[in-house]
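Asks: Questions regarding the structure given below will be posed in turn.
The values are calculated or read from the model by the stated rules, or taken from the named source; none is laboratory data. Because the structure is a prediction, the values reported are computed rather than measured. Methodologically, a virtual Cβ is constructed for each residue, glycine included, from the backbone with ideal geometry; neighbour enumeration extends over all protein chains shown.
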């Protein structure tokens, strides 16, 4: 059939682009305008083959084959189909499984069913050679596209290059039409360098001040024996040689109280007459052993502010998901800014957020937990054993404070200091 199809190996495309633009093959170093990229691929494929586009297949990998935000953005674009392989851990690093096999199967089926006359392959992996040969045997013309290599050399299998009917190189100018370096790439310090200023403030912040602890009284060893100490015939503990001179640990207190309880159960003189079966901590006073309530945890002014979930309606939640899929790139710094923007806008009275400045750079506990859960939607848990990387957490919170500083009175004086 007189149509063309484009098959994209996303790992090759994004890795080669990052190598060219950033000198680092990590795909997280570049930002992709997916709409512009798909449009550019379609226009170039139709121009070079002289045929209308049937479909663009995007092959990538994801943990448990669950679509990441970029995959959700791609699959809602016209004429785009996303195929996902598995991302698994092997020998301490993450590797793709099933991507090459999926590309081979798709290419063979398209050729066998005569669904297209020309196929454009954007890949560098020689494992696709058998699929390329099968497509040619069924009369399909194969166009192999490469990304300009950072070192000027080939970044594709020589066997693929030799077997392709046509070969083109996507140069830097074409690539920069859809890709760009992440603006905050420096948010992750290079080896031997310290963290940037806004993250350094978070790192250098003193630990939260805990409420003053209640001193634990030390009872004489003559009154409370150590666990397992022998008792006199009348059920009372025998006196020890000297009083205990060190502050007991909670474990010591629990064991001693349990022993006292068991003694009281026999002689009738224990705590509550031996009624308590478990350890109970008491406070010593002139009136004897009495219960004392635990101290209340410290509460900051920001803890009284509502969370984003409490301020969001069902309609806004649906719109947020649409924006996350179509517009938000998933960069850690950007995620923190988006969350702060929505929170401040829906709170309405931004003056209430000035209560946060005395506690900067700490975020109220409930809001901080909600922020990190929101960040997890963008795949920031991926490749990191199901927990957000330390540098990502700093970047998320730095983005949060940066956005609030631009919106809340007095913020720029505190965050920018």
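Asks: From the list 24, 60, exactly one residue is free of Cβ contacts under 8 Å to residues at least 60 places away in the same chain, in the same structural domain as residue 157 (by TED's automatic domain parsing) and over 20 Å from residue 148 (Cα atoms). Which is it? Let's see the steps before the verdict.
Replies: On the way: 24 fails: over 20 Å from residue 148 (Cα atoms).
Criteria check complete, one pass: 60.
Asks: It is to be established whether one or more residues within the range 63-76 are closer than 17 Å to residue 143 by Cα, out of contact with any strand residue (DSSP E or B) (no Cβ under 6 Å at 6 or more places or on another chain) and surrounded by 13 or more Cβ atoms within 10 Å (Cβ to Cβ). Step through it out loud before you land on a result.
Replies: Looking only at the range 63-76, we keep the residues that are closer than 17 Å to residue 143 by Cα, and these are none.
No: zero hits.
Asks: Give the number of residues within the range 20-55 that are assigned to a helix (DSSP H, G or I) and under 24 Å from the mean Cα position of the chain (by Cα). First the steps, then the outcome.
Replies: So the first thing to find is which residues in the range 20-55 are assigned to a helix (DSSP H, G or I), and the list is 20-22, 27-29, 34-49.
Still in the running and under 24 Å from the mean Cα position of the chain (by Cα): 22, 27-29, 34.
Matching residues across the range 20-55 total 5.
Asks: Pick out the one residue from 371, 356 that is within 14 Å of the chain's Cα centre (by Cα), buried (at least 22 other Cβ atoms within 10 Å of the Cβ) and closer than 18 Å to residue 304 by Cα. First the steps, then the outcome.
Replies: Values: 356 fails: within 14 Å of the chain's Cα centre (by Cα).
Criteria check complete, one pass: 371.
Asks: In this structure, does residue 44 turn out to be in contact with a strand residue (DSSP E or B) (Cβ under 9 Å, 6 or more places away or on another chain) and either surrounded by fewer than 16 Cβ atoms within 10 Å (Cβ to Cβ) or within 22 Å of residue 391 (Cα to Cα) (or both)? I'd like the intermediate steps shown before the answer.
Replies: Working: in contact with a strand residue (DSSP E or B) (Cβ under 9 Å, 6 or more places away or on another chain): yes; either surrounded by fewer than 16 Cβ atoms within 10 Å (Cβ to Cβ) or within 22 Å of residue 391 (Cα to Cα) (or both): no.
Spelling it out, it is not the case that residue 44 is in contact with a strand residue (DSSP E or B) (Cβ under 9 Å, 6 or more places away or on another chain) and either surrounded by fewer than 16 Cβ atoms within 10 Å (Cβ to Cβ) or within 22 Å of residue 391 (Cα to Cα) (or both).
Asks: Please verify whether the range 347-358 includes one or more residues that are assigned by TED's automatic domain parsing to the domain that holds residue 378 and within 30 Å of residue 33 (Cα to Cα). Spell out how you get there, then give the answer.
Replies: Let us first name the residues in the range 347-358 that are assigned by TED's automatic domain parsing to the domain that holds residue 378, namely 347-358.
If we keep only those that are within 30 Å of residue 33 (Cα to Cα) too, we end up with none.
No: the range 347-358 contains no residue that is assigned by TED's automatic domain parsing to the domain that holds residue 378 and within 30 Å of residue 33 (Cα to Cα).
Asks: Now for a separate question. Within the range 137-163, take every residue that is closer than 15 Å to residue 7 by Cα and not in a loop (DSSP other than H, G, I, E, B) and give me the one that is farthest from the chain's Cα centre (by Cα).
Replies: Among residues in the range 137-163 that are closer than 15 Å to residue 7 by Cα and not in a loop (DSSP other than H, G, I, E, B), the one farthest from the chain's Cα centre (by Cα) is 141.
Asks: Taking the condition closer than 20 Å to residue 171 by Cα and crowded, with 16+ Cβ neighbours inside 10 Å, does residue 55 pass? Before you say what the answer is, go through the steps one by one.
Replies: On the way: closer than 20 Å to residue 171 by Cα: no; crowded, with 16+ Cβ neighbours inside 10 Å: yes.
Here the answer is no, as residue 55 does not meet what is asked.
One line per residue, one yes/no per condition, for (1) in a helix (DSSP H, G or I); (2) touching a helix residue (DSSP H, G or I) at 6+ places or on another chain (Cβ under 9 Å); (3) at pLDDT 90 or above:
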site: 11; (1), (2), (3): yes, yes, yes
site: 18; (1), (2), (3): yes, yes, yes
site: 57; (1), (2), (3): no, yes, yes
site: 70; (1), (2), (3): yes, yes, no
site: 77; (1), (2), (3): no, yes, yes
site: 81; (1), (2), (3): no, yes, yes
